[in-house]
1. Lys and Arg at +1, Asp and Glu at -1: add these up for the other residues within a Cβ distance under 11 Å of residue 921 and post the number.
2. What's the local net charge at residue 662, with K and R +1, D and E -1, over the other residues with C-beta under 13 Å away?
3. Any idea how far the Cα center of the stretch 269-291 sits from the one of the stretch 880-939, in Å?
4. Give the distance, in whole Å, between the Cα centre of the stretch 783-843 and the Cα centre of the stretch 451-488.
5. Rounding to the nearest 20 debye, state how big the charge dipole of the stretch 634-743 is about its Cα centre with +1 on each Lys and Arg Cβ and -1 on each Asp and Glu Cβ.
6. Checking the cross-link filter: which aspartates and glutamates have an alpha carbon closer than 14 Å to that of residue 416, excluding same-chain neighbours under 8 positions apart?
7. Between their Cα atoms, which of 637/676; 637/673; 673/737; 374/737 are more than 26 Å away from each other?
8. Once fully extended, how much extra length lies between residue 495 and residue 734, figured as 0.36 nm per residue of separation less the alpha-carbon to alpha-carbon distance?
Amino acid sequence: MKLCQNSLSTLFPFLLIMITVVTSNPTYFAVDISVSCGSTETSVSRGGREWLGETQPIFSSLLQLKGLSIISTVIHELTSADPVPHETARLSRSQFSYLFQVSPGQKIIRLHFNPASYRAFEGLIDLFTVEAGPFTLLSNFSASLTAEALGVDTFVREFWLNIQENQQLIISFTPRSSQTLDTYAFINGIEILGSNGAFPSSNPLPPPQDSLSETILVFLASLVRRNATAAIAIAIISLLSIIVHKLREHWEEDSSTKEENKPSPKAARVCRRFSLAEIQLATRYFSDERLIGRGGFGNVYRGLIDEGQMTVAIKKLNPNSMQGAQEFLTEIETLSELRHVNLVSLIGYCNDHGEMILVYDYMSGGTLENRIYKPSRKRKHVASLTWEQRLNICIGAGRGLDYLHTGHGVIHRDVKPSNILLDEDLTAKVSDFGLAKPEDKSKSKTHVSTNVKGTRGYLDPHYFHTRKLTRGSDTYAFGVVLLEVLCGRPAVDLRVTEDEQILSFWVHDKNSKGEVDQIVDLSLRDEISVNSLKTFVEVAERCLEDEPNNRPTMSQVVQQLELALEQQQEDKLILLPDEMESLYEENGPPASTGLSAMSNAQWKRITSSPKVQTSLKMVNSMLSRFSLPKIGGHSSKENKLLLSEIGEANVGLTMFDWQTLSAATNRFSSSNKIGKGGFGRVYKGVLPTGQVVAVKRRSTSTPQSVQEFKCEVLLLPNLHHQNIIKLLGYCIHSKEKLLVYEFMENRSLDTFIDDKKQRHFSWTVRFNIIKGIARGLVHLHQHSGVRVIHGDPKSSNILLDREMVPKISDFGFSRTLLQHQYELETGIAEGTPFYISPERLKQGRVSMKSDVYSFGVVILEMVNGRRAWESYSVNKMNVVEYARKLRSEGKVLQVVDATVGGTDEALRCIKIGLRCTLEHPDDRPDMPTVLKMLEGEAL
């Protein structure tokens with residue numbers, strides 16, 4: 001049905017042209033025009049056609065250019081293509097138009113494209129619309145994709161138009177508007193030809209069948225002058241003929257397409273169907289730079305869809321692989337029915353031109369295989385997974401398989417580490433359902449009889465010999481995966497001695513000899529507990545029983561893995577006496593414990609007593625009373641010093657434990673993520689008390705990030721103001737540094753500026769936000785008791801509560817001034833481009849006037865309704881330069897967002913914003929003066 005709709009949509013311009021033909025009496029244009037876009041002189045192509053430059057005197061009355069655009073030349077020298085008109089082009093990131101004065105009548109418009117790389121436009125994406133008057137000639141058109149599909153360097157698109165008496169021909173080129181993609185429009189050559197003859201076409205796009213419609217049009221054009229009534233009748237008959245012809249073509253094409261490549265109507269409703277052009281654009285034509293995985297099925301690429309707003313994984317099946325159309329269809333049908341946190345989500349598919357492409361959620365953590373024994377080039381320096389992380393991954397994958405078995409009666413049939421994906425939070429997702437098989441629903445059978453398929457090393461021996469597939473076949477393969485996770489080596493390894501090549505046999509042999517400790521991955525031997533190891537090996541061995549009925553269900557496997565995790569966490573709290581002694585000698589018990597007078601000898605006698613050594617839980621209880629951090633193999637000297645420094649400052653903040661924040665954020669689930677930046681990620685969390693909070697999880701543990709963490713913890717508790725974010729607490733866990741804030745329902749200010757619909761963002765709301773930010777900065781600079789320079793007051797660091805009250809956040813770059821100080825020399829340009837003041841950028845000098853500059857940029861963003869970094873012209877002016885230019889031209893009203901209107905307050909804000917962003921800091925007002933000007937005092 002969709003193909004039929006496409007046919008009708010392509011025929012609609014023909015109908016318009018026919019109606020125009022039969023209701024007019026054209027006088028054909030006698031002079032052809034050929035314009036070499038971007039050229040300034042007359043030149044001749046290889047075919048002998050003369051092409052005029054855009055600025056030729058002959059064009060002074062025939063051609064005008066509107067809009068901002070530039071001319072450019074191709075970067076690389078043309079090889080086979082004719083340099084005229086393909087060597088030069090007119091390009092722009094905004095709309096531009098050609099206005100031609102032409103005589104009335106039928107015209108053929110030819111547009112010449114050479115999608116090469118042009119100076120000043122490298123790395124941008126050509127995606128645009130071409131319009132001629134009220135008609136759209138090309139919509140969301142990419143010349144580079146078209147050339148790629150055609151296998152050519154240059155090509156021509158040809159159109160027929162009718163020009164009325166005294167009508168101007170306007171051809172407009174408009175880049176697609178996108179917040180995330182850098183798009184532009186371009187054209188190399190335009191030909192306008194009279195249609196009173198037969199013109200040879202160099203357009204490779206229309207297929208030969210189009211000659212039918214062209215013949216009819218030429219026939220009608222010659223007939224109309226003789227008998228208008230007859231022409232109208234013939235036009236209708238011809239239109240019906242074309243429709244039938246096109247539908248027959250599509251039906252024939254459908255019948256020639258293999259039916260097995262089409263998903264069921266139900267699956268098609270759930271899954272999105274992508275065009276091949278969309279997939280090519282998302283993967284940059286399947287660029288090697290986007291390649292993230294290879295397999296027998298084909299390649300997997302990282303892609304960007306929906307104007308770059310969503311990252312996905314795109315699996316392109318190799319037609320020569322063992323997996324074909326049946327596996328492709330099985331994957332779509334199976335995943336369209338399944339929804340679980342531990343199963344990868346299928347977004348859509350593409351079956352254009354015989355391709356078999358699947359689009360999934362992107363898993364930034366890679367595969368489990370990459371993380372335990374086969375690191376990819378990009379992950380060679382990624383830290384090894386801890387034992388707790390490995391257990392959580394196994395538990396997640398087990399839950400996914402249990403959901404398949406008990407929830408939908410589906411047997412995966414290819415469980416292995418390369419089919420277990422990890423997201424950014426290391427949540428396991430079972431993937432690749434090409435071999436999945438539904439169970440027999442009849443109660444008489446507990447198995448499915450089928451041909452043996454799977455991967456060597458993971459195949460259930462019972463299934464292999466009997467061809468009877470059961471849930472236990474997945475359990476067996478999962479048992480092999482458990483051993484791989486424990487040992488850090490693949491199921492089959494031909495590099496080792498013969499008796500060790502099959503992992504399951506080797507582990508069984510070592511376990512029977514009581515040497516199970518020798519199979520553990522070297523990176524785990526210092527942290528894995530005896531009890532946890534014992535439980536884990538036992539459940540793995542049970543999964544590998546020869547008889548399927550003796551294997552546990554996946555639900556039972558998950559329960560045993562959860563027990564192993566609990567045992568690991570309990571044993572992790574054990575602190576040996578010599579470790580306690582070392583901890584005391586380094587830090588001493590805090591004065592608040594009442595033990596400050598205890599001597600080292602007394603402390604040693606306590607910790608070395610047999611009672612303490614045999615009662616490990618009691619030891620940890622003592623530690624919790626001492627308010628000292630528990631040591632689990634990851635606590636560092638830096639953490640102890642940091643905790644000591646925070647304790648001495650007596651900041652009065654809650655110190656949260658890791659388990660509480662992990663539970664509050666659903667283990668830092670991607671579904672809880674509400675923000676992301678250079679600092680890391682922010683998650684929505686719900687504490688056990690029911691309080692909703694925002695948890696900032698820093699992405700690194702560099703000295704710089706630790707300094708920023710410390711800055712917020714030590715500074716924010718002293719800043720009490722309604723326009724400054726409230727810090728509730730913090731957590732220091734291993735290398736993790738987390739901050740807990742009050743929750744802001746409306747997130748950050750930049751999301752409202754980015755919202756092109758500007759909903760709930762009236763001028764009254766904007767102006768109140770501007771004044772609220774100003775009051776917060778005044779408090780920081782003068783009334784907080786410490787003179788604070790925020791350092792980065794940009795729109796993304798302004799949060800909005802339920803009532804749209806602004807709160808200044810992110811004090812990682814903040815500095816404090818002594819009473820006699822005016823500025824500080826940091827030596828580095830900390831801050832954000834487009835918001836950072838000139839003196840800080842060039843000289844590393846920061847003062848309160850640096851905050852004033854950044855605030856001025858935010859004011860102009862609010863008035864203009866666009867972000868500071870958006871380009872405002874072909875010269876790529878930022879918002880400050882743009883506003884200054886328009887003011888100098890007496891066009892200051894053009895700065896104001898059209899949805900706001902030219903209110904007096906908006907014009908006042910423009911003047912204030914421009915004063916705040918003056919080059920020299922001494923010329924800028926201070927924040928109290930800015931606030932007074934905003935509240936109505938004379939500028």
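1. Once positives and negatives cancel, what remains is -3.
2. With Lys, Arg at +1 and Asp, Glu at -1, the net is -2.
3. With the stretch 269-291 and the stretch 880-939 each reduced to a Cα centre, they are spaced 45 Å.
4. Taking the Cα centre of each part, the stretch 783-843 and the stretch 451-488 sit 58 Å apart.
5. On the way: 14 positive and 8 negative charges, 93 e Å.
Computed charge dipole of the stretch 634-743: roughly 440 debye.
6. The qualifying aspartates and glutamates are 369, 432, 460, 474, 484.
7. Numbers: 637/676 29 Å; 637/673 31 Å; 673/737 17 Å; 374/737 29 Å.
Distance filter (> 26 Å) returns 637/676; 637/673; 374/737.
8. On the way: separation 239, 0.36 × 239 = 86.04 nm, distance 3.60 nm.
So the chain would gain 82.4 nm between residue 495 and residue 734.
Read-outs throughout are calculated quantities, based only on the coordinates presented, and are distinct from any laboratory measurement. None of the values given here were measured: they were computed from a predicted structure. As a convention, Cβ positions derive from the backbone with ideal geometry for all residues, glycine included, and neighbour counts pool all protein chains shown.
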